[in-house]
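The values are calculated or read from the model by the stated rules, or taken from the named source; none is laboratory data. If you're wondering where the values come from, they're calculated on a predicted model, not measured in any experiment. Positions of Cβ are generated from backbone atoms using ideal geometry, with glycine treated the same way; all protein chains shown enter the neighbour counts. For the accessible areas, the whole protein counts, side chains as well, though only heavy atoms, and no ligand, DNA or RNA atoms are used. Shrake-Rupley method; radii C 1.70, N 1.55, O 1.52, S 1.80 Å.
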Amino acid sequence: MAEIPEVQPNAFTGFFQSPLGSSLAVGAGIALVLGIMAAVWMWGQKPDYRVLLSNYSDRDGGSIIESLQQMNIPYQYSEGGGAILVPAERVHDARLKLAAQGLPKGGNVGFELMENQKLGVSQFLEQVNFQRALEGELARSIDSIDSIQASRVHLAIPKPSVFVREKQFPTASVLLNLHAGRSLDQRQVSAIVHLVSSSVPELTPQNVTIVDQNGALLSSIDNLDDSHRLDPNQLKYVQDVQSGIVRRIESILSPIVGAGNMRAEAAVDVDFSRSEQAAETYKPENPAKRSEHSNESSSKDADKAGGIPGASSNQPPSAATTADKTAGIVNSQKESTVNYEIDKTIRYVQQPMGAIKRLTVAVVVNNKTEFIDGKPVTKPLTDAEKEQITGLVKEAMGYNKDRGDSLNVVNTAFNITPTEVLPEQPFWKQFATLDMAKTGAQYLLSGIVLLYLFFGVLRPMIKRVTAAPVVPAEVVDLEAEAEAEAIVETELETREALVENIEKDPLQSAKDMAKEDPQRVANVVKNWVGINE
(Lines give C-alpha, C1' and ligand atoms only; values in the text may rest on other atoms or scores of the structure.)
Protein backbone atom coordinates (compact mmCIF):
# COMPACT_ATOMS: atom_id res chain seq x y z
CA MET A 1 0.00 0.00 0.00
CA ALA A 2 1.43 3.35 -1.07
CA GLU A 3 1.95 5.94 1.64
CA ILE A 4 0.08 9.25 1.39
CA PRO A 5 2.57 12.11 1.32
CA GLU A 6 2.28 14.38 4.38
CA VAL A 7 1.17 17.96 3.61
CA GLN A 8 3.55 20.51 5.08
CA PRO A 9 1.61 23.48 6.58
CA ASN A 10 2.77 27.04 5.92
CA ALA A 11 3.99 29.36 8.68
CA PHE A 12 0.60 31.01 9.37
CA THR A 13 -1.31 27.73 9.47
CA GLY A 14 1.41 26.06 11.44
CA PHE A 15 1.36 28.81 14.06
CA PHE A 16 -2.33 28.32 14.74
CA GLN A 17 -1.88 24.52 14.72
CA SER A 18 0.74 24.84 17.42
CA PRO A 19 -0.41 24.79 21.11
CA LEU A 20 0.40 28.50 21.60
CA GLY A 21 -1.42 29.60 18.43
CA SER A 22 -4.39 27.40 19.22
CA SER A 23 -4.62 28.90 22.71
CA LEU A 24 -4.39 32.43 21.33
CA ALA A 25 -7.12 31.74 18.77
CA VAL A 26 -9.42 30.29 21.38
CA GLY A 27 -8.73 33.24 23.72
CA ALA A 28 -9.52 35.73 20.95
CA GLY A 29 -12.75 33.89 20.23
CA ILE A 30 -13.72 33.95 23.90
CA ALA A 31 -12.98 37.68 24.09
CA LEU A 32 -15.07 38.30 20.98
CA VAL A 33 -17.99 36.33 22.35
CA LEU A 34 -17.75 38.14 25.68
CA GLY A 35 -17.75 41.48 23.84
CA ILE A 36 -20.84 40.49 21.88
CA MET A 37 -22.54 39.38 25.08
CA ALA A 38 -21.68 42.69 26.77
CA ALA A 39 -23.05 44.63 23.79
CA VAL A 40 -26.26 42.61 23.87
CA TRP A 41 -26.56 43.19 27.62
CA MET A 42 -26.06 46.92 27.24
CA TRP A 43 -28.64 46.99 24.46
CA GLY A 44 -31.08 45.18 26.72
CA GLN A 45 -30.26 47.54 29.60
CA LYS A 46 -30.58 50.76 27.60
CA PRO A 47 -30.49 53.69 30.06
CA ASP A 48 -33.51 55.91 30.55
CA TYR A 49 -32.65 59.36 29.25
CA ARG A 50 -34.19 62.44 30.87
CA VAL A 51 -34.20 66.12 29.92
CA LEU A 52 -31.15 67.96 31.17
CA LEU A 53 -31.82 71.37 29.61
CA SER A 54 -34.26 72.73 27.08
CA ASN A 55 -34.81 75.98 25.21
CA TYR A 56 -31.15 76.87 25.31
CA SER A 57 -29.35 79.24 23.00
CA ASP A 58 -26.94 77.97 20.36
CA ARG A 59 -23.97 79.39 22.25
CA ASP A 60 -25.01 77.72 25.48
CA GLY A 61 -25.72 74.46 23.64
CA GLY A 62 -22.18 74.24 22.29
CA SER A 63 -20.66 74.97 25.70
CA ILE A 64 -22.92 72.41 27.40
CA ILE A 65 -22.04 69.65 24.90
CA GLU A 66 -18.34 70.39 25.32
CA SER A 67 -18.65 70.17 29.10
CA LEU A 68 -20.58 66.88 28.90
CA GLN A 69 -17.89 65.39 26.69
CA GLN A 70 -15.20 66.44 29.15
CA MET A 71 -17.17 64.85 32.00
CA ASN A 72 -17.73 61.62 29.97
CA ILE A 73 -21.49 61.90 30.33
CA PRO A 74 -23.43 60.37 27.41
CA TYR A 75 -26.06 62.62 25.90
CA GLN A 76 -28.73 62.59 23.23
CA TYR A 77 -30.94 65.13 21.49
CA SER A 78 -34.69 65.08 21.67
CA GLU A 79 -36.82 65.11 18.55
CA GLY A 80 -36.27 68.46 16.90
CA GLY A 81 -33.16 69.18 18.96
CA GLY A 82 -35.07 71.29 21.48
CA ALA A 83 -33.61 69.54 24.52
CA ILE A 84 -30.46 67.71 25.65
CA LEU A 85 -31.02 64.31 27.25
CA VAL A 86 -28.71 62.49 29.65
CA PRO A 87 -29.16 59.26 31.65
CA ALA A 88 -31.73 59.67 34.40
CA GLU A 89 -29.30 58.81 37.20
CA ARG A 90 -26.90 61.55 36.12
CA VAL A 91 -29.32 64.43 35.52
CA HIS A 92 -28.86 66.15 38.89
CA ASP A 93 -25.11 65.56 38.93
CA ALA A 94 -24.75 67.07 35.46
CA ARG A 95 -26.90 70.09 36.35
CA LEU A 96 -24.85 70.86 39.44
CA LYS A 97 -21.57 70.55 37.54
CA LEU A 98 -22.84 72.75 34.73
CA ALA A 99 -24.08 75.31 37.25
CA ALA A 100 -20.61 75.38 38.82
CA GLN A 101 -19.27 76.32 35.37
CA GLY A 102 -21.90 79.05 34.97
CA LEU A 103 -23.93 77.17 32.37
CA PRO A 104 -26.34 77.86 30.92
CA LYS A 105 -25.67 81.56 30.77
CA GLY A 106 -29.01 82.23 29.09
CA GLY A 107 -29.88 84.52 26.27
CA ASN A 108 -30.22 87.54 28.57
CA VAL A 109 -27.26 89.26 30.13
CA GLY A 110 -27.60 90.94 33.48
CA PHE A 111 -25.50 93.25 35.58
CA GLU A 112 -22.48 91.03 34.99
CA LEU A 113 -22.17 93.03 31.78
CA MET A 114 -21.00 95.96 33.89
CA GLU A 115 -18.14 93.93 35.36
CA ASN A 116 -16.23 93.89 32.07
CA GLN A 117 -16.12 97.62 31.49
CA LYS A 118 -12.97 98.85 29.79
CA LEU A 119 -11.10 102.06 30.31
CA GLY A 120 -12.01 104.87 27.94
CA VAL A 121 -15.60 103.77 27.42
CA SER A 122 -17.84 106.68 26.46
CA GLN A 123 -20.78 107.76 28.58
CA PHE A 124 -23.20 106.77 25.82
CA LEU A 125 -21.85 103.22 25.75
CA GLU A 126 -22.04 103.01 29.53
CA GLN A 127 -25.69 104.06 29.39
CA VAL A 128 -26.44 101.48 26.70
CA ASN A 129 -24.75 98.70 28.71
CA PHE A 130 -26.65 99.71 31.82
CA GLN A 131 -29.93 99.60 29.92
CA ARG A 132 -29.09 96.16 28.48
CA ALA A 133 -28.17 94.89 31.95
CA LEU A 134 -31.41 96.23 33.42
CA GLU A 135 -33.46 94.62 30.65
CA GLY A 136 -31.70 91.30 31.21
CA GLU A 137 -32.27 91.37 34.97
CA LEU A 138 -35.97 92.16 34.48
CA ALA A 139 -36.28 89.30 31.96
CA ARG A 140 -34.65 86.89 34.40
CA SER A 141 -37.05 87.94 37.15
CA ILE A 142 -40.05 87.48 34.86
CA ASP A 143 -38.78 84.06 33.68
CA SER A 144 -38.97 82.79 37.27
CA ILE A 145 -42.79 82.72 37.01
CA ASP A 146 -43.99 79.16 36.39
CA SER A 147 -46.21 79.83 33.39
CA ILE A 148 -43.55 81.81 31.51
CA GLN A 149 -41.01 79.97 29.39
CA ALA A 150 -38.99 82.97 28.23
CA SER A 151 -39.36 86.73 28.09
CA ARG A 152 -37.78 89.82 26.60
CA VAL A 153 -37.92 93.34 27.99
CA HIS A 154 -37.42 96.51 25.94
CA LEU A 155 -36.93 99.79 27.77
CA ALA A 156 -37.19 103.21 26.15
CA ILE A 157 -35.47 105.59 28.56
CA PRO A 158 -35.36 109.18 27.27
CA LYS A 159 -32.46 111.49 27.84
CA PRO A 160 -32.85 113.83 30.82
CA SER A 161 -33.71 117.42 29.95
CA VAL A 162 -33.44 120.63 31.97
CA PHE A 163 -36.66 121.95 30.42
CA VAL A 164 -39.78 120.83 32.21
CA ARG A 165 -41.98 121.12 29.12
CA GLU A 166 -39.70 118.80 27.15
CA LYS A 167 -39.52 116.16 29.85
CA GLN A 168 -40.47 112.66 28.65
CA PHE A 169 -41.27 109.62 30.73
CA PRO A 170 -39.79 106.15 30.09
CA THR A 171 -41.84 103.32 28.58
CA ALA A 172 -41.41 99.55 28.63
CA SER A 173 -42.53 96.66 26.41
CA VAL A 174 -42.50 93.03 27.58
CA LEU A 175 -42.81 90.04 25.24
CA LEU A 176 -43.79 86.79 27.00
CA ASN A 177 -43.38 83.27 25.64
CA LEU A 178 -45.72 81.07 27.66
CA HIS A 179 -45.49 77.32 28.12
CA ALA A 180 -47.82 75.21 26.01
CA GLY A 181 -51.27 75.12 27.55
CA ARG A 182 -50.48 77.83 30.13
CA SER A 183 -52.04 81.27 30.52
CA LEU A 184 -51.74 84.27 32.80
CA ASP A 185 -54.62 85.69 34.80
CA GLN A 186 -55.15 89.40 35.31
CA ARG A 187 -53.49 89.38 38.70
CA GLN A 188 -50.28 87.92 37.30
CA VAL A 189 -50.26 90.42 34.44
CA SER A 190 -50.77 93.25 36.92
CA ALA A 191 -47.91 91.87 39.04
CA ILE A 192 -45.56 91.88 36.04
CA VAL A 193 -46.60 95.44 35.18
CA HIS A 194 -45.86 96.65 38.69
CA LEU A 195 -42.59 94.69 38.79
CA VAL A 196 -41.31 96.45 35.67
CA SER A 197 -42.64 99.90 36.63
CA SER A 198 -41.10 99.66 40.10
CA SER A 199 -37.67 98.80 38.69
CA VAL A 200 -37.30 101.84 36.43
CA PRO A 201 -37.37 105.38 37.81
CA GLU A 202 -40.38 107.50 36.75
CA LEU A 203 -41.92 104.56 34.86
CA THR A 204 -45.66 104.39 35.50
CA PRO A 205 -47.81 101.24 35.12
CA GLN A 206 -49.73 102.97 32.31
CA ASN A 207 -46.53 103.03 30.23
CA VAL A 208 -45.89 99.27 30.46
CA THR A 209 -47.13 97.05 27.61
CA ILE A 210 -47.23 93.24 27.85
CA VAL A 211 -47.73 91.02 24.78
CA ASP A 212 -47.64 87.21 24.54
CA GLN A 213 -46.10 85.08 21.78
CA ASN A 214 -49.40 85.07 19.86
CA GLY A 215 -49.48 88.86 19.64
CA ALA A 216 -52.30 89.21 22.18
CA LEU A 217 -52.22 92.34 24.34
CA LEU A 218 -52.33 91.24 27.98
CA SER A 219 -52.12 94.65 29.63
CA SER A 220 -54.77 97.31 29.01
CA ILE A 221 -53.36 100.78 28.39
CA ASP A 222 -55.59 103.66 29.41
CA ASN A 223 -55.26 107.05 30.97
CA LEU A 224 -57.64 106.41 33.81
CA ASP A 225 -56.60 107.14 37.33
CA ASP A 226 -55.96 104.21 39.65
CA SER A 227 -59.04 105.12 41.68
CA HIS A 228 -61.25 104.56 38.58
CA ARG A 229 -59.54 101.37 37.49
CA LEU A 230 -61.01 97.98 38.30
CA ASP A 231 -58.83 96.26 40.82
CA PRO A 232 -58.29 92.49 40.34
CA ASN A 233 -58.43 92.05 44.10
CA GLN A 234 -61.91 93.54 44.11
CA LEU A 235 -63.03 91.15 41.36
CA LYS A 236 -61.66 88.23 43.33
CA TYR A 237 -63.45 89.45 46.45
CA VAL A 238 -66.78 89.57 44.60
CA GLN A 239 -66.21 86.08 43.19
CA ASP A 240 -65.32 84.74 46.62
CA VAL A 241 -68.48 86.23 48.15
CA GLN A 242 -70.67 84.78 45.39
CA SER A 243 -69.07 81.33 45.56
CA GLY A 244 -69.38 81.35 49.35
CA ILE A 245 -73.12 82.03 49.14
CA VAL A 246 -73.57 79.27 46.55
CA ARG A 247 -71.65 76.80 48.72
CA ARG A 248 -73.78 77.59 51.77
CA ILE A 249 -76.99 77.11 49.76
CA GLU A 250 -75.83 73.81 48.27
CA SER A 251 -74.62 72.60 51.65
CA ILE A 252 -77.99 73.19 53.32
CA LEU A 253 -80.16 71.89 50.46
CA SER A 254 -78.17 68.80 49.39
CA PRO A 255 -79.35 66.65 52.34
CA ILE A 256 -82.96 67.54 51.49
CA VAL A 257 -83.17 67.31 47.70
CA GLY A 258 -80.12 65.12 47.15
CA ALA A 259 -76.79 65.80 45.51
CA GLY A 260 -77.08 67.00 41.92
CA ASN A 261 -80.79 67.89 42.23
CA MET A 262 -80.30 71.64 42.62
CA ARG A 263 -78.38 74.50 41.11
CA ALA A 264 -77.73 77.91 42.65
CA GLU A 265 -76.21 81.14 41.38
CA ALA A 266 -75.61 84.39 43.21
CA ALA A 267 -74.92 87.94 42.07
CA VAL A 268 -73.52 90.41 44.57
CA ASP A 269 -73.44 94.18 44.20
CA VAL A 270 -70.53 95.34 46.35
CA ASP A 271 -69.81 98.96 47.21
CA PHE A 272 -66.07 99.51 47.18
CA SER A 273 -66.32 103.26 47.76
CA ARG A 274 -65.00 104.65 51.01
CA SER A 275 -67.06 107.51 52.48
CA GLU A 276 -67.18 109.52 55.69
CA GLN A 277 -70.11 111.63 56.92
CA ALA A 278 -70.22 114.38 59.56
CA ALA A 279 -73.65 115.66 60.73
CA GLU A 280 -74.44 118.56 63.15
CA THR A 281 -78.12 118.73 64.24
CA TYR A 282 -79.84 121.61 66.14
CA LYS A 283 -83.10 121.39 68.13
CA PRO A 284 -84.34 124.95 69.00
CA GLU A 285 -87.57 123.65 70.47
CA ASN A 286 -85.71 122.04 73.31
CA PRO A 287 -83.39 124.71 74.76
CA ALA A 288 -81.20 124.00 77.75
CA LYS A 289 -80.37 126.55 80.53
CA ARG A 290 -76.61 126.93 80.59
CA SER A 291 -76.11 129.74 83.28
CA GLU A 292 -78.09 132.32 85.36
CA HIS A 293 -76.84 135.54 87.11
CA SER A 294 -78.93 137.88 89.36
CA ASN A 295 -78.01 141.20 91.19
CA GLU A 296 -80.17 143.20 93.70
CA SER A 297 -79.29 146.52 95.60
CA SER A 298 -81.17 149.16 97.83
CA SER A 299 -80.30 152.61 99.56
CA LYS A 300 -81.92 155.09 102.14
CA ASP A 301 -81.33 159.00 102.48
CA ALA A 302 -83.01 159.68 105.97
CA ASP A 303 -79.85 160.38 107.91
CA LYS A 304 -78.51 162.93 105.50
CA ALA A 305 -78.64 166.74 106.51
CA GLY A 306 -80.32 169.19 104.19
CA GLY A 307 -81.03 172.93 103.76
CA ILE A 308 -79.05 176.19 103.86
CA PRO A 309 -76.10 176.02 106.11
CA GLY A 310 -76.74 178.03 109.33
CA ALA A 311 -78.46 177.86 112.67
CA SER A 312 -81.74 176.55 111.37
CA SER A 313 -80.18 173.73 109.50
CA ASN A 314 -78.36 172.60 112.57
CA GLN A 315 -81.58 172.15 114.50
CA PRO A 316 -83.23 168.74 114.68
CA PRO A 317 -86.22 168.42 112.36
CA SER A 318 -89.74 168.10 113.57
CA ALA A 319 -91.53 164.76 113.80
CA ALA A 320 -93.78 165.31 110.79
CA THR A 321 -90.98 166.40 108.63
CA THR A 322 -88.93 163.39 109.63
CA ALA A 323 -91.68 160.96 108.75
CA ASP A 324 -92.13 162.49 105.32
CA LYS A 325 -88.49 162.24 104.58
CA THR A 326 -88.30 158.61 105.70
CA ALA A 327 -91.10 157.62 103.42
CA GLY A 328 -89.69 159.19 100.26
CA ILE A 329 -85.96 158.47 100.23
CA VAL A 330 -85.83 154.53 99.96
CA ASN A 331 -84.09 153.33 96.63
CA SER A 332 -83.75 149.64 95.38
CA GLN A 333 -82.26 147.90 92.18
CA LYS A 334 -82.57 144.26 90.97
CA GLU A 335 -80.86 142.62 87.90
CA SER A 336 -81.14 139.00 86.59
CA THR A 337 -79.30 137.36 83.54
CA VAL A 338 -80.12 133.85 82.19
CA ASN A 339 -78.04 132.12 79.35
CA TYR A 340 -79.69 129.35 77.24
CA GLU A 341 -77.93 126.77 74.89
CA ILE A 342 -79.61 125.33 71.79
CA ASP A 343 -79.57 121.47 71.68
CA LYS A 344 -76.97 120.30 69.09
CA THR A 345 -75.84 116.78 67.97
CA ILE A 346 -72.61 116.09 66.03
CA ARG A 347 -72.28 112.63 64.35
CA TYR A 348 -69.35 111.18 62.36
CA VAL A 349 -70.12 108.09 60.22
CA GLN A 350 -67.49 106.12 58.23
CA GLN A 351 -68.83 103.62 55.69
CA PRO A 352 -66.70 100.45 55.39
CA MET A 353 -65.31 99.50 51.96
CA GLY A 354 -66.71 96.31 50.44
CA ALA A 355 -70.18 96.47 51.92
CA ILE A 356 -72.89 94.52 50.11
CA LYS A 357 -75.38 96.85 48.51
CA ARG A 358 -77.70 94.24 47.00
CA LEU A 359 -77.85 90.48 46.80
CA THR A 360 -79.59 88.44 44.07
CA VAL A 361 -79.88 84.64 44.24
CA ALA A 362 -81.55 82.17 41.87
CA VAL A 363 -82.13 78.52 42.83
CA VAL A 364 -83.43 75.72 40.61
CA VAL A 365 -84.63 72.50 42.30
CA ASN A 366 -85.31 69.26 40.50
CA ASN A 367 -88.55 67.34 40.94
CA LYS A 368 -88.56 64.83 43.75
CA THR A 369 -88.42 61.12 42.97
CA GLU A 370 -90.77 58.64 44.65
CA PHE A 371 -90.92 54.87 44.24
CA ILE A 372 -94.38 53.44 43.51
CA ASP A 373 -94.54 49.66 43.17
CA GLY A 374 -90.77 49.62 42.91
CA LYS A 375 -90.70 52.08 39.98
CA PRO A 376 -89.26 55.60 40.25
CA VAL A 377 -91.80 58.37 39.61
CA THR A 378 -90.91 62.09 39.54
CA LYS A 379 -93.30 64.61 41.09
CA PRO A 380 -93.10 68.37 41.54
CA LEU A 381 -92.55 69.82 44.98
CA THR A 382 -95.52 70.88 47.04
CA ASP A 383 -96.07 74.48 48.07
CA ALA A 384 -95.06 73.67 51.61
CA GLU A 385 -91.81 72.12 50.44
CA LYS A 386 -91.05 75.09 48.21
CA GLU A 387 -91.76 77.48 51.07
CA GLN A 388 -89.48 75.46 53.33
CA ILE A 389 -86.66 75.55 50.76
CA THR A 390 -87.16 79.29 50.23
CA GLY A 391 -86.86 79.94 53.95
CA LEU A 392 -83.69 77.89 54.21
CA VAL A 393 -82.14 79.69 51.25
CA LYS A 394 -82.99 83.09 52.77
CA GLU A 395 -81.24 82.15 55.98
CA ALA A 396 -78.20 80.76 54.13
CA MET A 397 -77.78 83.80 51.87
CA GLY A 398 -78.39 86.39 54.56
CA TYR A 399 -81.54 87.84 52.99
CA ASN A 400 -82.25 91.49 53.84
CA LYS A 401 -85.51 92.98 52.57
CA ASP A 402 -84.55 96.55 53.45
CA ARG A 403 -81.44 96.21 51.33
CA GLY A 404 -83.47 95.19 48.31
CA ASP A 405 -82.29 91.57 48.10
CA SER A 406 -83.97 89.29 45.58
CA LEU A 407 -84.54 85.50 45.73
CA ASN A 408 -86.16 83.27 43.12
CA VAL A 409 -86.68 79.55 43.74
CA VAL A 410 -87.96 77.49 40.79
CA ASN A 411 -88.99 73.84 40.81
CA THR A 412 -88.73 72.01 37.49
CA ALA A 413 -87.67 68.70 36.02
CA PHE A 414 -84.01 68.57 35.04
CA ASN A 415 -83.21 67.68 31.46
CA ILE A 416 -80.17 65.51 32.03
CA THR A 417 -78.25 64.76 28.87
CA PRO A 418 -76.83 61.25 28.96
CA THR A 419 -73.09 61.27 28.99
CA GLU A 420 -71.43 59.58 26.08
CA VAL A 421 -69.54 56.54 27.21
CA LEU A 422 -66.41 56.12 25.18
CA PRO A 423 -65.56 52.54 24.32
CA GLU A 424 -62.81 51.22 26.47
CA GLN A 425 -59.63 50.72 24.56
CA PRO A 426 -58.53 47.07 24.42
CA PHE A 427 -55.82 46.09 26.79
CA TRP A 428 -53.37 45.21 24.05
CA LYS A 429 -53.81 48.61 22.39
CA GLN A 430 -53.08 50.73 25.44
CA PHE A 431 -49.86 52.67 25.45
CA ALA A 432 -48.70 51.23 28.77
CA THR A 433 -49.29 47.69 27.52
CA LEU A 434 -47.44 48.32 24.26
CA ASP A 435 -44.54 49.90 26.10
CA MET A 436 -44.44 46.99 28.54
CA ALA A 437 -44.56 44.47 25.70
CA LYS A 438 -41.77 46.29 23.86
CA THR A 439 -39.60 46.32 26.95
CA GLY A 440 -40.37 42.66 27.68
CA ALA A 441 -39.55 41.61 24.12
CA GLN A 442 -36.28 43.52 24.32
CA TYR A 443 -35.29 41.76 27.53
CA LEU A 444 -36.41 38.36 26.19
CA LEU A 445 -34.47 38.73 22.95
CA SER A 446 -31.35 39.86 24.75
CA GLY A 447 -31.69 36.92 27.16
CA ILE A 448 -32.04 34.39 24.32
CA VAL A 449 -28.99 35.79 22.54
CA LEU A 450 -26.96 35.72 25.75
CA LEU A 451 -27.95 32.12 26.51
CA TYR A 452 -27.08 31.02 22.97
CA LEU A 453 -23.71 32.74 23.04
CA PHE A 454 -22.89 31.27 26.44
CA PHE A 455 -24.03 27.67 25.95
CA GLY A 456 -23.52 27.42 22.20
CA VAL A 457 -20.25 29.28 21.71
CA LEU A 458 -18.47 30.28 24.90
CA ARG A 459 -18.92 27.07 26.87
CA PRO A 460 -17.60 24.77 24.11
CA MET A 461 -14.56 27.04 23.71
CA ILE A 462 -13.84 26.91 27.43
CA LYS A 463 -14.16 23.09 27.41
CA ARG A 464 -11.79 22.88 24.45
CA VAL A 465 -9.19 24.96 26.28
CA THR A 466 -9.46 23.09 29.58
CA ALA A 467 -9.76 19.52 28.11
CA ALA A 468 -6.70 17.22 27.67
CA PRO A 469 -5.23 17.14 24.16
CA VAL A 470 -6.69 14.41 21.94
CA VAL A 471 -4.04 12.09 20.50
CA PRO A 472 -4.80 10.37 17.15
CA ALA A 473 -5.38 6.58 17.20
CA GLU A 474 -2.33 5.83 15.05
CA VAL A 475 -0.11 7.72 17.45
CA VAL A 476 -1.62 5.83 20.39
CA ASP A 477 -0.95 2.44 18.72
CA LEU A 478 2.67 3.31 17.91
CA GLU A 479 3.30 4.47 21.46
CA ALA A 480 1.70 1.32 22.90
CA GLU A 481 3.77 -0.93 20.60
CA ALA A 482 6.96 0.88 21.50
CA GLU A 483 6.15 0.59 25.18
CA ALA A 484 5.39 -3.15 24.82
CA GLU A 485 8.70 -3.76 22.98
CA ALA A 486 10.56 -1.88 25.71
CA ILE A 487 8.88 -4.02 28.39
CA VAL A 488 9.75 -7.26 26.55
CA GLU A 489 13.33 -6.18 26.03
CA THR A 490 13.62 -5.26 29.71
CA GLU A 491 12.21 -8.60 30.76
CA LEU A 492 14.64 -10.47 28.50
CA GLU A 493 17.57 -8.56 29.90
CA THR A 494 16.35 -9.23 33.42
CA ARG A 495 15.83 -12.89 32.67
CA GLU A 496 19.31 -13.30 31.19
CA ALA A 497 20.85 -11.50 34.15
CA LEU A 498 18.87 -13.63 36.54
CA VAL A 499 19.95 -16.89 34.80
CA GLU A 500 23.56 -15.82 34.78
CA ASN A 501 23.52 -15.00 38.49
CA ILE A 502 21.69 -18.17 39.35
CA GLU A 503 24.40 -20.21 37.66
CA LYS A 504 27.09 -18.53 39.77
CA ASP A 505 25.31 -18.35 43.11
CA PRO A 506 21.66 -19.05 42.71
CA LEU A 507 20.34 -18.17 46.13
CA GLN A 508 22.43 -15.07 46.81
CA SER A 509 21.89 -13.73 43.28
CA ALA A 510 18.13 -14.07 43.59
CA LYS A 511 18.15 -12.20 46.93
CA ASP A 512 20.27 -9.36 45.55
CA MET A 513 18.17 -8.96 42.47
CA ALA A 514 14.99 -9.02 44.46
CA LYS A 515 16.32 -6.22 46.67
CA GLU A 516 17.51 -4.09 43.76
CA ASP A 517 14.51 -4.37 41.47
CA PRO A 518 11.64 -6.30 43.00
CA GLN A 519 9.25 -5.24 40.24
CA ARG A 520 11.36 -6.76 37.51
CA VAL A 521 11.85 -10.01 39.45
CA ALA A 522 8.12 -10.22 40.02
CA ASN A 523 7.44 -9.79 36.34
CA VAL A 524 9.95 -12.51 35.45
CA VAL A 525 8.45 -14.91 37.95
CA LYS A 526 4.96 -14.15 36.58
CA ASN A 527 6.19 -14.92 33.05
CA TRP A 528 7.77 -18.15 34.24
CA VAL A 529 4.60 -19.25 35.90
CA GLY A 530 2.65 -18.38 32.75
CA ILE A 531 5.15 -20.32 30.57
CA ASN A 532 4.98 -23.32 32.84
CA GLU A 533 1.25 -23.22 32.72
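Overview of values
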item: Near pairs, Cβ below 6 angstrom, 6+ apart or cross-chain, from segment 227-248 (more than 14 Å from ALA267 (Cβ to Cβ)) to any residue that is open to solvent by 90 Å² or more (accessible area, probe 1.4 Å) and modelled with pLDDT of 80 or more; result: PRO232/GLN186; PRO232/ARG187
item: Subset of segment 220-244 that is assigned to a helix (DSSP H, G or I) and either touching a Pro at 6+ places or on another chain (Cβ under 6 Å) or among the aliphatic types (A, V, I, L, M) (or both) - its residue that is modelled with the lowest pLDDT; result: LEU235
item: Pair list, Cβ < 8 Å and 6+ apart or interchain, from segment 334-357 residues that are closer than 30 Å to TYR237 by Cβ and assigned to a strand (DSSP E or B) to residues that are β-branched (Val, Ile, Thr) and open to solvent by less than 100 Å² (accessible area, probe 1.4 Å); result: ARG347/THR281; ALA355/VAL270; ILE356/VAL241; ILE356/VAL268; ILE356/VAL270; LYS357/VAL270
item: Selection within segment 176-209 - under 21 Å from PHE130 (Cβ atoms) and open to solvent by 30 Å² or more (accessible area, probe 1.4 Å); result: LEU195, SER198, SER199, PRO201, GLU202, THR204, ASN207
item: Count - residues of segment 42-61 that are at pLDDT below 70 and under 27 Å from the mean Cα position of the chain (by Cα); result: 2
item: Residue within segment 8-26 that is among the small types (Gly, Ala, Ser) and modelled with pLDDT of 75 or more present; result: no
item: Selection status of LYS118, under 30 Å from GLY447 (Cα atoms), at pLDDT below 85 and either open to solvent by 50 Å² or more (accessible area, probe 1.4 Å) or of a type in the set (Gly, Ala, Ser) (or both); result: no
item: Single match in ALA432, ALA441, ALA437, ALA362 (criterion: surrounded by 13 or more Cβ atoms within 10 Å (Cβ to Cβ) and either under 30 Å from ALA38 (Cα atoms) or modelled with pLDDT of 85 or more (or both)); result: ALA362
item: One residue from ARG274, ARG263 being surrounded by 10 or more Cβ atoms within 10 Å (Cβ to Cβ), out of contact with any Gly (no Cβ under 8 Å at 6 or more places or on another chain), modelled with pLDDT of 75 or more and not polar (S, T, N, Q); result: ARG263
item: Flag for ALA191 being on the phi < 0 side of the Ramachandran plot and either modelled with pLDDT under 85 or within 22 Å of the chain's Cα centre (by Cα) (or both); result: yes
item: Unmet requirement for GLU387, which otherwise passes all of (1) open to solvent by 80 Å² or more (accessible area, probe 1.4 Å); (2) modelled with pLDDT of 90 or more; (3) within 21 Å of GLY260 (Cβ to Cβ); result: (3)
item: Segment 255-291, subset small (Gly, Ala, Ser) and part of a loop (DSSP other than H, G, I, E, B), residue nearest to GLU341 (Cα to Cα); result: SER273
item: Residue satisfying all of: in segment 76-112; basic (Lys, Arg) and modelled with pLDDT of 85 or more; surrounded by the most Cβ atoms within 10 Å (Cβ to Cβ) among these; result: ARG90
